[in-house]
Amino acid sequence: MRRNPGVRYFTRAGSLSGLDVLARELRQPLGPMLRRHGMSLEQLADPEARVPYTEWSELLEDCAQSWRCPEFGLRLGMIQNLNVLGPIGLVARLTDTVGDALRAIERNMATHTSGSTLELRCTAASSPAGPDRRIASIAYVPKPHTTAGRQIVEMALASMRNSVAMLIGEARPRFARVTFQHEAPQSNRVARGHFACPIQYGAESNALCFDARWMDLRTAVRDPTYAPIVTAYLERTREQIEVDVVESTRQFIGALLATGRCSRAAVAKCLHLHPRTLQRRLQERGVSFADLLDAVRRERATELVERHGLPFLQAAMALGYSSQSCFNQAFRRWTSTTPTIYRQDHRRAAVGRRG
């Protein structure tokens, strides 16, 4: 997958927890492997240090290949749990129910990594257990252009499996299924042993699925001792490091305008988000998709109109309008004048500057 040079995603170094342990088990030198990907052993000692997400993903893929351990990411996730999330893991301990804990993790994931999101869903299930049975799922969704591959996905879901087990207080909970977007490996023996549930490959999402009734269970790890400190930390950190969903949305609006298919659903798909999730995140930032679409069109409209040789119909098409009249109406709303008059005024002003 091609990288986007304009975006530098990160993850907390705490995400690499257990990497040194696994390297020793495989009798492999970790230092040279880290240096090959621009990292160091010192970073592992500081869980709050930022590690480039793409390099982290590529590191796991390299370890799996170079160390002949195709299930490397999975095995790393198997020795991780809720504690790898640092402050977010502490937030989960402040909640009353498993559902509240998972929603807190989903909401605060941006303070742990900007390279992926978690999406908590609940859907009806077709099962002999009865028509009223519902299945909840936690989907791991890497951001576009992160080069996230099999290793990081399997690590994330293996770790999340352990986190859910901690929250409900059972060592071997019976999950409904786990799904992966990548193709099935030659052997999934280790995965079957860890998840102990049906595994589907080539699926629509990377997700851990379980009985939705777990969401109402009391959190087994509840500990409100550090509530004020943790809450204040996360509020401050979210403001500092959360990925700017507004700017990302603006960029994809700009890219999709000329296709005539620039919709909230289309942009959400580019961001690997559900349309409702995108809407909620934009609302949290005080804007709407319609506001951003209008703003991007307005910025581009004046640039296009100033090009003396460009027909206004082409400008309208480039901005995703179905007709020139729709474009004219929008342009008058933005500038209180028509495209023709605006172009004439711009031309006269340019001549005056040259004179």
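The values are calculated or read from the model by the stated rules, or taken from the named source; none is laboratory data. Note that the coordinates shown come from a computational prediction; the quantities given were computed from them, not determined experimentally. Here the Cβ positions follow ideal geometry from the backbone for every residue, glycine too, while neighbour counts run over all protein chains shown.
Points worth noting:
- In this entry, Ser187 passes the filter for residues that are farther than 19 Å from Gly99 by Cβ and out of contact with any strand residue (DSSP E or B) (no Cβ under 9 Å at 6 or more places or on another chain).
- The single residue among Arg75, Arg93 that is among the charged types (D, E, K, R) and over 30 Å from Arg189 (Cβ atoms) turns out to be Arg93.
- When Pro339 is tested against (1) modelled with pLDDT under 90; (2) farther than 30 Å from Leu120 by Cα; (3) touching a Lys or Arg at 6+ places or on another chain (Cβ under 9 Å), only condition (1) is not met.
- Test result for Ala191, in a helix (DSSP H, G or I), in the same structural domain as Thr123 (by TED's automatic domain parsing) and over 20 Å from Arg12 (Cβ atoms): yes
- Residues in the range 256-285 that are at pLDDT below 75 and surrounded by fewer than 16 Cβ atoms within 10 Å (Cβ to Cβ): Ala258, Thr259, Gly260.
- Total residues in the range 49-64, condition more than 19 Å from the chain's Cα centre (by Cα) and outside any helix (DSSP H, G or I): 1
- Positions within the range 283-306 being in contact (Cβ under 8 Å) with a residue 24 or more places away in the chain, over 16 Å from Gly254 (Cβ atoms) and either in contact with a strand residue (DSSP E or B) (Cβ under 6 Å, 6 or more places away or on another chain) or outside any loop (DSSP other than H, G, I, E, B) (or both), in sequence order: Val305
- Single condition Arg75 does not satisfy, out of (1) within 16 Å of Gln151 (Cβ to Cβ); (2) not in a helix (DSSP H, G or I): (2)
- Criterion (in contact with a helix residue (DSSP H, G or I) (Cβ under 9 Å, 6 or more places away or on another chain), at pLDDT 85 or above and closer than 17 Å to Leu208 by Cα) met by exactly one of Ala101, Ala148: Ala101
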